[in-house]
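**Student:** Below are the structure tokens for one structure; questions will follow.
The values are calculated or read from the model by the stated rules, or taken from the named source; none is laboratory data. Please read these numbers as outputs of a predicted model, since none were measured by experiment. Heads up, the Cβs are rebuilt from the backbone with ideal geometry, glycines too, and the neighbour counts pull from every protein chain shown.
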Amino acid sequence: MSGRNTPADDSDADAGGPVRGDTRDRRRDRQAHDDWFGGLNQLDFDIDFFEGLLARNGESVEVLRVLAELVSQKGLVKRALELDRRLVDVLPNDFLARYNLACSLARAGRPDEAIDALSRAILLGYDDLAHLEVDPDLDSLREHPEFRELLGHE
């Protein structure tokens with residue numbers, strides 16, 4: 001949402017005014033976006049927003065999950081790992097929390113811990129083994145013998 005009201009029809013175009021897609025309109029829209037978000041891109045804005053929510057309620061599972069995903073998308077591996085560990089502390093029997101922790105550990109270059117977290121996720125009910133084979137977060141584990149064993153590729 002841009003935060004400004006836009007009419008459904010572009011009546012200015014009929015009156016000889018600027019047409020949708022005009023370069024000046026795009027620059028004006030971009031400036032309105034930058035003014036609205038304070039120069040942040042959407043991902044940075046979302047991270048900042050959810051960090052604020054987490055500061056108010058540090059045990060909110062929903063906020064922890066969303067924020068961990070956002071910082072992971074941003075490539076903030078250390079922060080994602082920290083948040084995923086907190087999620088596992090709050091939800092020790094949640095297979096998705098364990099799976100996401102494994103992904104963060106793999107991205108952080110901690111293969112043994114990642115495989116342990118994956119094993120626990122599977123024991124807790126994670127069963128999408130086909131996804132394990134293609135998840136880019138687990139690329140660093142592909143040739144690890146224990147990872148291949150988890151997939152049944154000994």
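**Student:** S60 is checked against (1) closer than 30 Å to Q42 by Cβ; (2) of a type outside the set (F, W, Y); (3) at pLDDT 95 or above and fails just one. What number does that condition carry?
**Tutor:** (3)
**Student:** Show me the helices (runs of 4 or more DSSP H) found entirely inside segment 35-154 where at least 2 residues are of a type in the set (G, A, S) and touching a helix residue (DSSP H, G or I) at 6+ places or on another chain (Cβ under 6 Å).
**Tutor:** 61-74, 95-107, 111-124
**Student:** May I ask you to list the residues in segment 101-154 that are within 23 Å of the chain's Cα centre (by Cα) and at positive phi?
**Tutor:** Passing the criteria: G109, G125.
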